[in-house]
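All remarks here apply to the structure that follows.
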Amino acid sequence: MAHLPLEGLVVLDFSTLLPGPLATLMLAEAGAEVIKVEKPQGDDMRHFPPRLGETSAPFAVLNAGKRSIALDLKDPDQRAALRPLIERADILVEQFRPGVMAKLGLGYDAVRAINPRIIYCSITGFGQAGPRAQEAGHDLNYAAVSGLLSLSPGTAASPTVPPMLAADIGGGSLPAVLNILLALRRRDATGEGMHLDIAMSDAMFTFAWYGLAQGHATGRFPGAGENFLAGGSPRYGLYATRDGRFLAVGALEEKFWETFCSALDLPDDLRDDGRDPAATRAAIAERIAARDADEWHRRLAPLDCCCTVVASLDEAVRDPHFAAGGLMAATAQTPDGRVIPLAAVPIDPQLRRARNEPRPVPALKPLSQ
């Protein structure tokens with residue numbers, strides 16, 4: 001294996017659950033040594049079901065390949081034992097509410113006094129300052145307060161909970177990695193570290209870019225179902241099939257739209273979807289509901305018009321395309337020898353650990369071991 005881009009760098013990871021651990025997993029996959037600092041009873045994720053023997057599967061897929069140490073950060077003597085690690089660390093990732101690390105004597109100013117080259121990354125819901133900085137929240141809350149969720153909330157009878165944790169991953173993990181890498185590049189030029197303030201709610205506005213562009217340009221922001229890419233167009237949406245599955249239609253471009261309409265034998269007067277979008281959508285829904293998903297797959301797949309049957313997770317992991325790419329070839333290995341695919345991370349295989357390299361799930365040990 002060629003030299004990995006982050007080989008030789010040391011990461012102190014004080015984060016828990018998903019955003020920070022996924023970020024440091026990416027750093028570990030790119031070659032960094034990640035030392036996970038956990039409370040004596042361990043990261044809460046260690047107790048999440050389901051389990052592989054004695055190991056939490058969610059913890060395993062996010063933390064394999066790291067090293068874990070148990071520390072009571074409220075104990076001054078145990079905190080003092082961290083100093084040698086702080087001195088040699090390149091990156092520190094923490095996910096406490098603003099001010100907590102400072103109260104523990106581990107805030108940026110205190111850590112920088114020990115190691116001025118350190119890149120100190122704080123991941124929070126609303127950032128280190130501002131009216132909401134101390135407000136508790138989770139992924140759904142950050143999508144809600146940013147207005148993103150309003151674009152496709154479902155109906156009063158059937159509210160829609162998004163299936164992806166956009167704030168945790170798209171607002172926490174990915175921006176953390178991106179900014180850490182930029183800060184490393186800056187440190188190469190200046191020799192100085194810095195404090196990165198990653199607010200998960202901020203990136204929700206990035207995801208709402210199209211609706212924001214509409215609102216700022218016209219003076220009216222789109223409401224539920226009005227955004228072109230969130231229910232506002234019959235060309236881009238989900239349609240139920242006869243057997244209770246769904247067809248994902250993304251026929252935005254005219255050539256795809258015309259091909260799709262022809263496959264459905266949609267009348268000419270409904271193909272101009274700008275004239276009466278609701279009527280066009282209703283006609284499409286009626287036609288899609290007349291056939292099973294497999295029939296639509298056989299009919300539409302050869303036409304290459306951006307229409308696909310919504311796969312189950314079970315079907316998706318067995319898809320020959322993803323299997324051929326080795327997306328889930330890297331595995332986490334539990335202490336009793338069980339294996340589970342590592343969380344999929346968007347890193348080019350040339351820049352990460354070899355797929356067959358062992359990635360043991362870290363046991364929780366005192367710092368002295």
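Nothing in this text is a laboratory measurement; each read-out follows from the coordinates by a stated rule. What you are looking at is a predicted structure, and each value in this text was computed from that prediction instead of being measured. As a convention, Cβ positions derive from the backbone with ideal geometry for all residues, glycine included, and neighbour counts pool all protein chains shown.
Some observations on this one:
- Principal-axis tilt of helix 209-218 within the chain, Cα atoms, nearest 10 degrees: 60 degrees
- Computed from the Cβ-Cβ distance with R0 of 25 Å, the FRET efficiency linking A240 to H138 stands at 0.25.
- Computed extension length for L178-E192: 3.3 nm, one decimal, from 0.36 nm per residue of separation with the Cα-Cα distance subtracted.
- On the principal axes of its alpha carbon atoms, the chain extends 76, 50, 42 Å, with the longest extent given first.
- From phi via Karplus (6.51, -1.76, 1.60), per-residue ³J(HN,Hα) for the stretch 79-89 in Hz, x at Gly/Pro: 4, 4, 5, 6, 3, x, 6, 4, 4, 9, 6
- Order of T155, T24 under a 10 Å beta carbon neighbour criterion, fewest first: T155, T24
- Paramagnetic reach from E286 (point 7 Å along Cα→Cβ, amide N under 18 Å) across the stretch 242-258: 242
- Cα centroid separation, the stretch 177-224 to the stretch 321-369 (Å): 29 Å
- Reported to the nearest whole Å, the Cα centre-to-centre distance from the stretch 1-44 to the stretch 259-290 is 50.
- Among A290, C305, L252 the positive-end extreme of the charge dipole of the stretch 236-317 (Cβ point charges): A290
- Using all pairs of distinct alpha-carbon atoms, the Kirkwood hydrodynamic radius of the stretch 236-317 works out to 12.9 angstrom.
- Virtual spin-label span in nm between E258 and D314, 7 Å along Cα→Cβ: 4.2 nm
- Highest average packing first - 212-220, 74-82, Cβ atoms within 10 Å: 74-82, 212-220
- Inter-label distance for W209 and K39, nm, one decimal - labels placed 7 Å from Cα along Cα-to-Cβ: 3.8 nm
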